2 protein chains.
Amino acid sequence: MSNISTKPLSGFMELLPEEQQVFEQIKSIIESEYRDSGFIPMDQPLLDRKEVLLAKAGGETEKQIYELTKGDTELALRFDLTVPLARYVANNYGSLTFPFRRYTIGKVYRGERAQAGRFREFYQCDVDIIGNENLAIGYDAEMPIAIARVFKRLDEEMQTGAVKIRINNRKLFSGITEELGLTDTQSLLGLIDKKEKITAEEFEKSLQELGLGEETLSVITAFLDSSLEKLGQLGISNGVFLEGVSELQTVLNLAKNSGFEPEQFVFDPTIVRGLDYYTGTIFETNLVSYPEFGSVCSGGRYDNLASQYTSRSLPGVGISIGLSRLFDQLLKAGVLQASPNKTASQILIIPLDEQYIVALQTQKLLRESGIVSEINWSTSKLDKRIGYADKLGVPYVMLIGENEVADGLVTLRNMQTGEESKITASEVANAL
Amino acid sequence: MSNISTKPLSGFMELLPEEQQVFEQIKSIIESEYRDSGFIPMDQPLLDRKEVLLAKAGGETEKQIYELTKGDTELALRFDLTVPLARYVANNYGSLTFPFRRYTIGKVYRGERAQAGRFREFYQCDVDIIGNENLAIGYDAEMPIAIARVFKRLDEEMQTGAVKIRINNRKLFSGITEELGLTDTQSLLGLIDKKEKITAEEFEKSLQELGLGEETLSVITAFLDSSLEKLGQLGISNGVFLEGVSELQTVLNLAKNSGFEPEQFVFDPTIVRGLDYYTGTIFETNLVSYPEFGSVCSGGRYDNLASQYTSRSLPGVGISIGLSRLFDQLLKAGVLQASPNKTASQILIIPLDEQYIVALQTQKLLRESGIVSEINWSTSKLDKRIGYADKLGVPYVMLIGENEVADGLVTLRNMQTGEESKITASEVANAL
């Protein structure tokens with residue numbers, strides 16, 4: 001034995017069994033809703049060549065990346081699921097059928113400065129639909145519908161509450177600034193992206209400081225306050241803008257009529273989603289009761305998934321849930337409670353008088369009625385073994401000793417009430 | 001676009017959708033059988049401090065490890081699931097209830113020389129039960145039972161055939177060599193470990209070359225040919241040996257009476273499982289029809305899980321399935337076939353005459369009857385869209401146009417037979 005620290009690395013989530021069980025529940029809800037939305041599973045290596053991962057990446061990403069060398073090859077851990085997807089689609093172009101619909105739930109790595117709620121290893125849960133040369137706007141509408149489906153299940157099973165799925169289209173801003181003749185749009189876009197995090201006065205002041213001219217300012221301000229219906233009153237006739245409005249109307253109309261609560265789908269001209277990746281529809285999702293979480297699921301439409309690897313035009317649309325962060329936030333906010341049990345078993349079978357084989361056969365019988373149990377093989381005294389069941393938090397204990405075997409029965413004890421009943425093994429399923 | 005290679009790294013599995021779906025099926029069978037055997041899920045970081053991972057490791061492991069440096073910290077990717085488990089149990093000792101039963105299905109990394117069927121990133125599927133100070137022998141018996149359960153399901157769903165679960169106990173060999181006064185047992189053990197891979201003559205010759213003396217040789221040879229019943233006739237009265245025999249009898253007796261096919265559990269004195277990690281019961285598993293696969297699930301009892309991190313005695317027993325390799329072998333042997341479909345959806349809904357909203361609402365209805373579908377949003381001509389359905393391999397196409405909507409029906413087309421029927425959406429579940 002040495003003095004090696006047994007703590008996990010800082011920024012790397014490692015849960016106790018009581019928490020892990022809840023994490024797995026959320027993960028499996030997301031997975032099953034993605035799958036039931038007609039996406040197929042994909043699982044890719046976590047390591048890739050550094051030049052592959054960084055082909056398109058900029059400064060921040062490059063600083064955060066975990067890199068290593070094996071033999072002569074410079075490798076890195078993936079920092080998102082989209083770059084490996086791009087490589088995959090370019091590599092398997094001839095074998096795939098487009099639109100290609102896949103989901104991936106997997107870990108990604110970013111060596112950010114460690115701080116509360118920020119993880120260096122974390123799960124992303126992505127769906128993307130990739131087209132070949134073109135991709136109809138209806139596919140964009142599938143994204144808010146998939147978000148609605150996932151969060152409806154999460155609300156039903158874990159009371160996470162309603163969501164607001166905010167939808168915008170980058171073509172609106174592009175069209176407006178094109179028509180207004182603005183050439184440097186990056187600082188304006190960056191300011192809009194920050195709007196939610198600063199006060200109205202601060203926003204107003206920073207907007208003035210951009211020196212945009214009065215007319216421009218009034219159009220921008222009117223746009224940021226506009227509803228979908230009032231977009232026509234901005235007086236913008238630019239083709240890109242009108243295309244954006246039309247796409248937005250289609251996406252909102254389809255989402256609102258998909259059979260999920262229509263009010264959760266809202267147009268929000270203030271969402272931006274980074275500066276240059278997305279080109280059309282964009283999404284952010286907030287939990288209505290927990291605005292402080294920030295966006296829990298985001299994404300959008302991009303013109304070209306894999307321009308760094310192929311000359312083919314592969315437009316796509318996708319969303320991503322940052323699962324590790326969401327779980328951590330829900331747990332800290334008290335929305336999720338760690339399971340009271342340290343086991344997923346419903347019954348702890350305690351064989352007495354060495355009735356081990358009957359215990360095993362009973363366990364198999366229970367399993368066939370869908371009941372998960374475990375056997376306590378300890379030779380300690382009964383009260384110690386009951387104490388173990390108590391610590392484990394298992395709901396029922398089943399005693400099988402000579403008397404039970406002679407009567408062809410088992411003793412079932414409810415650990416909460418202490419109540420005991422002698423019944424046949426096949427009656428147990430009903431008794432639970 | 002650049003000339004970056006889009007291939008995955010050599011030794012890193014990356015599957016096409018048709019293969020990935022089958023991989024996911026196997027993974028989910030293993031996971032559900034582990035869970036139903038009363039194990040709880042655990043998910044740990046893939047990265048750890050290098051000193052943690054290498055605290056107990058020897059030369060080969062150290063050469064194969066993927067290491068990296070981030071900031072001042074020397075890190076490495078985990079090369080198995082047991083070392084991180086040991087750190088976890090040491091770190092969370094006070095919060096866990098023992099025996100601690102967990103499963104982990106996750107990727108591990110070994111930079112072995114790339115060769116057919118060897119992966120550098122691969123899935124291990126482990127279950128372990130860890131005791132505090134002691135762990136009853138009955139827990140050892142749960143391992144072959146869990147193996148039987150997993151491979152029974154795999155056989156039922158994927159025709160992998162019967163398995164032979166070979167069971168031995170290291171105390172037999174330890175007791176015999178102790179009684180015979182052999183001090184250097186490593187080369188003998190290494191030779192037995194190789195027995196299956198060499199001819200009987202080669203084995204005989206190498207055994208002679210160890211220079212063990214005639215009496216010793218005859219005992220060893222008799223042991224290696226012995227059945228469980230004949231172990232008593234070896235004339236060994238050593239306490240360690242007798243303890244091993246008793247444990248072996250218990251494990252075999254329980255496994256054979258657990259309700260699973262008794263003949264699959266066999267005593268095999270020739271299995272060794274490495275030189276120094278295991279201390280009691282050991283397991284290897286072979287697919288009866290595919291002996292060339294080697295062991296597909298192995299494990300055993302170890303005295304002390306975490307001696308490198310804690311002075312507490314934490315005995316355990318566990319097994320591991322090397323999933324990536326098993327999947328690859330089953331696929332190459334033709335036992336598994338890649339799915340004929342590039343989608344998991346049962347129906348491709350093709351809206352005609354812009355009946356998008358009815359399509360979405362029908363999709364939701366289908367989903368509520370458990371049917372996964374996807375919508376084709378393309379505006380191409382119908383025959384092109386049917387051609388897409390064909391390439392996708394989706395079993396059914398559903399047409400929803402003005403006529404269908406007027407009649408309150410949908411057109412369901414069986415893609416195999418070409419047969420079409422006009423029915424109500426709620427009749428679809430029965431029609432499939």
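Numerical summary
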read-out	value
Rg/Rg_ref, the range A:347-431, where Rg_ref = 2.2 N^0.38 Å and atoms are Cα	0.97
Options A:Leu96, A:Ile29, A:Leu81, ranked by Cα towards positive dipole end of the range A:5-141, top entry (Cβ charges)	A:Leu81
Length-normalised contact order of chain A in % [C-alpha pairs under 8 Å, at least 6 apart]	16 percent
GNM result for chain B, Cα springs below 10 Å: residue of B:Gln416, B:Gln308, B:Gln329 fluctuating most strongly	B:Gln416
Within chain A, longest stretch clear of exposed trypsin sites (Lys or Arg not before Pro) (DSSP loop, no more than 12 other Cβ within 10 Å)	A:114-380
Principal-axis tilt of helix A:214-224 within chain A, Cα atoms, nearest 10 degrees	20 degrees
Of A:Asp155, A:Asp353, A:Asp128, the one that fluctuates the most in a GNM where chain A has Cα springs shorter than 10 Å	A:Asp353
Simple Cβ-charge dipole of the range A:347-431, Lys/Arg +1 and Asp/Glu -1, about Cα centre, in debye nearest 20	280 debye
Under DSSP loop assignment and at most 10 Cβ neighbours within 10 Å, longest GluC sites (Glu not before Pro)-free interval of chain B	B:134-418
Whole-Å distance, taken between Cα centres, linking the range A:59-97 and the range A:2-27	26 Å
Percent antiparallel among DSSP beta bridges (both partners in the protein assembly as shown, rounded to 5)	75 percent
Number of partner chain Cβ atoms within 10 Å, mean per residue of A:255-267	2
For the range A:173-325, size of Cβ-based charge dipole, Lys and Arg +1, Asp and Glu -1, in debye	600 debye
Förster radius 51 Å - calculated FRET efficiency between A:Ala406 and A:Gln64, Cβ distance, rounded to 0.05	0.15
Sites B:Gln249 and B:Ile423, calculated FRET efficiency, Cβ-Cβ separation with R0 51 Å, nearest 0.05	0.25
Pair B:Lys332, B:Ser226: separation of 7 Å Cα→Cβ label points (nm)	3.8 nm
Acute angle (nearest 10 degrees) that the helix A:170-180 long axis makes with the longest principal axis of chain A, alpha-carbon atoms	20 degrees
For chain B, projected area of the alpha-carbon convex hull averaged over all directions, nm²	28.7 nm²
Residues of the range A:362-380 with amide N under 19 Å of the 7 Å Cα→Cβ point at A:Lys391	A:374-380
Value of D in µm² per second that Stokes-Einstein yields for the protein assembly as shown, Kirkwood Rh from Cα pairs, at 4 °C (1.567 mPa s)	43 µm²/s
Candidates A:Thr61, A:Thr279, A:Thr362: whichever shows maximal mean-square fluctuation once chain A is modelled as a Gaussian network with Cα springs under 10 Å	A:Thr362
Part-to-part distance (alpha-carbon centres) for the range B:118-190 and the range B:369-402, which is given in Å	49 Å
Debye, to nearest 20: dipole size of the protein assembly as shown, +1 on Lys, Arg Cβ, -1 on Asp, Glu Cβ	740 debye
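Read the figures in this text as sums done on the coordinates, not as results from a lab. Treat the numbers as computed from the prediction; the structure is a model and nothing was measured. So basically every Cβ, Gly included, is an ideal-geometry build from the backbone, and we count neighbours across all protein chains shown.
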